[in-house]
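I have placed the structure first, in the form of structure tokens, so that the comments after it can refer back to it.
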Amino acid sequence: MSEIRLTINGHERGFDGVSPHTRLLDFLRDQGLTGAKEGCAEGECGACAVLVARPDGEDRTRWTSVNACLPPAVAFDGQEVVTSEGLGTAPGPRGPGQLHPVQREMATRGGSQCGYCTPGFVCAMAAEYYRPERSSADAPAHDQTGTDVQGEEHAADHECGPNGFDLHALSGNLCRCTGYRPIRDAAYALGEPEDTDLLRRRQEEPAPKPSYTRIDTAGARFVRPADLGEFFDHLEQARDEEQEVRLVAGATDLGVEVNIRHVRPPVVLAVDRLDELRTLDVSDDRIEIGAALSLSEVERGLGGCVPLLDQLFPQFASRLIRNAATFGGNLGTGSPIGDSAPVLLALGASVVLASRGGDREVPLAAYYTGYRESVRRPDEILRAVRIPLPLADHAAFHKIAKRRFDDISSVAVAIAIQVDDAAAVTSARIGLGGVAATPICAREVEEALIGQPWTRETAVNAAALLARQGTPIDDMRASARYRSAMLEQSLLKFWAQQQPAQAQEVSQ
Ligand SMILES: Cc1cc2nc3c(=O)[nH]c(=O)nc-3n(C[C@H](O)[C@H](O)[C@H](O)COP(=O)(O)OP(=O)(O)OC[C@H]3O[C@@H](n4cnc5c(N)ncnc54)[C@H](O)[C@@H]3O)c2cc1C
Ligand code: FES
Ligand code: FES
């Protein structure tokens, strides 16, 4: 067993006797750090939020907010975590017992009543307070209704205050009693971190490196291999021992299974810090995105160069979840309602599967073979996602869910089409989620669109065909009829979005 330790609020703590399935939240609370609370245990409420020091390039650190109720504590071996207690009592210029600026604003502006949610809000708010790109220059870009200054509606809105504070940083935090206006007031009242602020200064140093970790206790094993070669060693060892192996990256799916369904995999292999899975390369003919980059890292790294992904990110869970969740985990679970698959299908993406023998590339459209089944062999890992370039000029992602943000899709539709100078469709890709046992491509509709003039009549005919795709079912999220109707509407909406003057006419 390796000597494993975690730095919490500047103090090192050991993991002696800690089970591989003990969550970070329980570990912190067992240390007497009871600020972080358990509300839902499934990543929905943010009462458990803490800050973790994550890499920001090679040389800097980014304070990143995550839910502590989902990941195992041992996944933070060698890392640095700050809790709400640490914000208020960090040694240094503020001095023990003094309030951090986010705590002070929450207190003085009435942002806390019963206080149960407050430590989580404070940590998510602190991450945004320290976000290096936060600037008052962001402020006028969007008003608070999700409409830009030209009056055009965007799915990918950020709602920034006069200080550049993006309110969506708090989208994973729920409060039952205060009401959100005082919390927003507190967020928008924050200034810049002072030069003497220790957490700001910590950002100028590199983040802790991932460390090799192995812990065997209570009939369970957690391993963080140092590299991909070692990952295959551990995979083979577990298979030789006939042990069931689960991979874990951001733990936003696996953590829910552990908490709610009491799943206890005997061997857990952590893949989120493997360098081979954390590449982000943009070349002339493709973009390769490492399967273990968090969605927030991908969003920052791409800097808006894939507009369809920029529509996906804000509609995918909350900032707290996106700070941990990965494409590898989203595609790896094979969920038919995962949001990344429809978007990646519309982008014509493929997945790179790595094994001891090397890489193989499989079009995402050929990846899924049945409900939560794929062509990935047990000796393979999803290493990266590849998106071919150039991208289509017109694209949209429509997520139909019961809430606009932080909800699971009932239906998801991603559309990307190219239209030539004569207004004829030259390429069409449509990815669908929530209407079959796997994410699917609407091949029939794609073929029907190609070569057609991009007119209202074409859109109406294609929308009627789209409504007949897949094999939607009735379940607690939506009826089959509703799902089919939403398919049809999404293509009409897509067409209307590009023809604002005709939008009314089409929807009649
Ligand atoms: C509150 C909440 C909201 C959510 N909202 C959304 C949403 O809006 N849209 C959506 O699509 N999902 C949503 N999810 C689901 C989840 O966040 C995503 O599926 C996420 O992408 C999973 O990534 P992860 O790294 O956390 O996966 P993990 O939990 O770490 O892993 C899940 C499984 O994926 C597999 N896996 C992980 N990495 C790899 C790899 N590199 N190769 C092969 N297999 C791998 C393993 O089987 C692993 O057990 C939500 C989850 C929560 C808790
Ligand atoms: S306890 Fe609700 S998100 Fe963690
Ligand atoms: S202050 Fe009571 S839940 Fe937020």
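The values are calculated or read from the model by the stated rules, or taken from the named source; none is laboratory data. What you are looking at is a predicted structure, and each value in this text was computed from that prediction instead of being measured. We place every Cβ from the backbone using ideal geometry, glycine too, and count neighbours over all the protein chains shown. Please note that ligands, DNA and RNA were not included when accessible areas were found on the heavy atoms of the full protein model with its side chains. Shrake-Rupley method; radii C 1.70, N 1.55, O 1.52, S 1.80 Å.
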Taking N as the number of residues in the chain, the ratio of its alpha carbon radius of gyration to 2.2 N^0.38 Å works out to 0.99
Please work out how much length the chain gains when fully extended from Asp227 to Arg286, using 0.36 nm per residue of separation minus the C-alpha to C-alpha distance, in nm with one decimal.
18.7 nm
In segment 289-388, what percent of the accessible surface is made up of carbon and sulfur (1.4 Å probe, ligands and nucleic acids excluded)?
51 percent
What translational diffusion coefficient, to the nearest whole µm²/s, does segment 1-208 have by Stokes-Einstein, given a Kirkwood radius computed over alpha-carbon pairs, a temperature of 37 °C and 0.692 mPa s viscosity?
186 µm²/s
Sorted by packing (mean other beta-carbon atoms within 10 Å per residue), highest first, where do 192-203, 459-470, 384-395, 244-255 land?
244-255, 459-470, 384-395, 192-203
Sorting Gly470, Ala68, Ser427 by the position of each Cα along the dipole of the chain (Lys, Arg +1; Asp, Glu -1; all at Cβ), the one nearest the positive end of that ordering is Ala68
When a/c is below 1.5 the answer is rounded, else prolate if a/b is larger than b/c, else oblate, so apply that to segment 263-410 with a ≥ b ≥ c taken from the square roots of the Cα gyration tensor eigenvalues.
rounded
If Lys and Arg each add +1 and Asp and Glu each add -1, what is the summed charge of the other residues whose beta carbon sits under 15 Å from the beta carbon of Arg356?
-4
Solvent-accessible heavy-atom area per residue, rounded to whole Å², over the chain at 1.4 Å:
42 Å²
Out of the total accessible area of segment 399-507 (probe 1.4 Å, heavy atoms of protein only), what percent is carbon and sulfur?
51 percent
Decide, for segment 14-124, between rounded, prolate and oblate: order the square roots of the alpha carbon gyration tensor eigenvalues as a ≥ b ≥ c, take rounded if a/c falls under 1.5, and otherwise choose prolate if a/b is larger than b/c, else oblate.
oblate
Under a 1.4 Å probe, counting only protein heavy atoms, Phe405 has an accessible area in Å², nearest 10, of 50 Å²
Extension gain, Gln113 back to Arg356 (0.36 nm per residue minus Cα-Cα distance, nm):
82.0 nm
Over all pairs of distinct alpha carbons, what does the Kirkwood formula give as the hydrodynamic radius of segment 346-431, in Å?
15.2 Å
In sequence order, what are the phi-derived ³J(HN,Hα) couplings for segment 192-204 according to the Karplus relation 6.51 cos²θ - 1.76 cosθ + 1.60 with θ = phi - 60°, rounded to whole Hz, with x for glycine and proline?
8, x, 6, 4, 7, 5, 5, 6, 5, 5, 4, 5, 7
Which of the peptides 352-359, 115-122 is most tightly packed, and how do the rest follow, judged by the mean count of other Cβ atoms within 10 Å per residue?
115-122, 352-359
Rounded, prolate or oblate: which fits segment 399-507 when a ≥ b ≥ c are the square roots of the eigenvalues of the alpha-carbon gyration tensor, with rounded for a/c under 1.5 and prolate only if a/b beats b/c?
prolate
